[in-house]
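*Asks:* Structure incoming, see below.
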Amino acid sequence: MLEAEASADMLFMTQPFTVTIATEQPPEVLLVKAVLSGERDRFARLYEMYAPMVHGILLARVPRGEVDDLVQDIFLHALRKLHTLRDAAAFGPWIAMIARNRAMDFYRSSRETVEVTEQMAVERPPNRTAREILDMICRLPEAYRETLVLRFVEGMTGPEIAARTGLTPASVRVNLHRGMKMLREKIGAVAG
């Protein structure tokens, strides 16, 4: 009897039946929310996740000797300004844009220049080949330069680059393909 009443009640429900589906949030969303709620030590995990990307973006744009300090500056700035981030899911593209802007600021400020002597040009550093290739990458157009450095220097996969920078996977694939083609041409021109 009770089963029949329960079934009848279920059939005559007046409120719509809703199923709540738990959507899993990306880890950076949870981390950003935790940092904003006072758990500042969670920012270290965001640093671990995004420092290689920021490093690669800077490496494609500024002298190697300046990159490590700028990475630290960018993350300190991001921590201070995290409250201005409107969408926690956009942390990757947001910090990538901060890195790009900081690289532009680097060149806006006046820097002391050092004269290159002939002796300096003759000395060959131990990893000159890798440095020469990185220098060639840094002379490519910006879109190709950034994706190539993130892929080959920072070791990120195409989907990781897309997810972290906010680019579409197709754009990353195109940039990597075209960038590699241009790099091969430059390497061939230097070797020949």
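The values are calculated or read from the model by the stated rules, or taken from the named source; none is laboratory data. Quick caveat, the model's predicted, so the values are computed rather than measured. Positions of Cβ are generated from backbone atoms using ideal geometry, with glycine treated the same way; all protein chains shown enter the neighbour counts. Quick note on the areas: whole protein, heavy atoms, side chains included, nothing else; ligands and nucleic acids left out. Shrake-Rupley method; radii C 1.70, N 1.55, O 1.52, S 1.80 Å.
*Asks:* Which residue out of Thr117, Thr84 is open to solvent by less than 100 Å² (accessible area, probe 1.4 Å) and at pLDDT below 80?
*Replies:* Answer to the check: Thr117.
*Asks:* Same structure again: Would you call Ala170 part of a helix (DSSP H, G or I) and surrounded by fewer than 16 Cβ atoms within 10 Å (Cβ to Cβ)?
*Replies:* When the stated conditions are applied, Ala170 passes them.
*Asks:* Here's a follow-up. Please specify each residue of the stretch 42-72 satisfying the condition of being touching a Lys or Arg at 6+ places or on another chain (Cβ under 6 Å) and not in a helix (DSSP H, G or I).
*Replies:* Correct list: Ala60 only.
*Asks:* Now for a separate question. Give the residue, chosen from Glu185, Glu146, that is buried (at least 16 other Cβ atoms within 10 Å of the Cβ) and either among the β-branched types (Val, Ile, Thr) or assigned to a helix (DSSP H, G or I) (or both).
*Replies:* Glu146
*Asks:* I need a count of the residues in the stretch 91-103 that are over 15 Å from Gly56 (Cα atoms) and either open to solvent by 70 Å² or more (accessible area, probe 1.4 Å) or touching a Gly at 6+ places or on another chain (Cβ under 7 Å) (or both).
*Replies:* Residues that pass the stated criteria total 0.
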